[in-house]
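Rule-based calculations on the coordinates, nothing more; no lab input. Bear in mind the structure is a predicted one, so any value in this text is a computation, not a measurement. Methodologically, a virtual Cβ is constructed for each residue, glycine included, from the backbone with ideal geometry; neighbour enumeration extends over all protein chains shown.
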């Protein structure tokens, strides 16, 4: 099966493939994530910009009509009320491309995921030391 999608090697490369107004939103989301998760590593996973900290933290991606944000099932369920105005599923939410993403909410979700992944990693370390 032929795959026509470009393989991105960096988040910069990914973002550069979109129109300027979409690039601006993606860079702003990236900045919010960096501020809340300064220790996280940037990478491309599933051909999407990804931040990893003790495992995958969040992914995001641009599409024709929305920007997808993927904080995992726990990130969606913890903010279900706030996310209810957006189309969402078990581990994802869609922010309409024509409006400004909810940066403050993204910040809160990332903060939640950092705490969750950090606690999980610490619990794993405690198990290993016993």
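Below, the figures for the structure above:
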item	result
Filter result for the condition that a residue is crowded, with 20+ Cβ neighbours inside 10 Å, in a helix (DSSP H, G or I) and in contact with a strand residue (DSSP E or B) (Cβ under 7 Å, 6 or more places away or on another chain), over 109, 33	33
Residue count, segment 69-104 (criterion: within 17 Å of residue 24 (Cβ to Cβ) and buried (at least 17 other Cβ atoms within 10 Å of the Cβ))	5
Residue in segment 49-63 that is touching a strand residue (DSSP E or B) at 6+ places or on another chain (Cβ under 7 Å), within 23 Å of residue 74 (Cβ to Cβ), without any contact (Cβ under 8 Å) to a residue 40 or more places away in the chain and surrounded by fewer than 15 Cβ atoms within 10 Å (Cβ to Cβ) present	no
Yes/no for residue 115 being over 24 Å from residue 47 (Cβ atoms), in a helix (DSSP H, G or I) and touching a residue at least 24 places away in the same chain (Cβ under 8 Å)	no
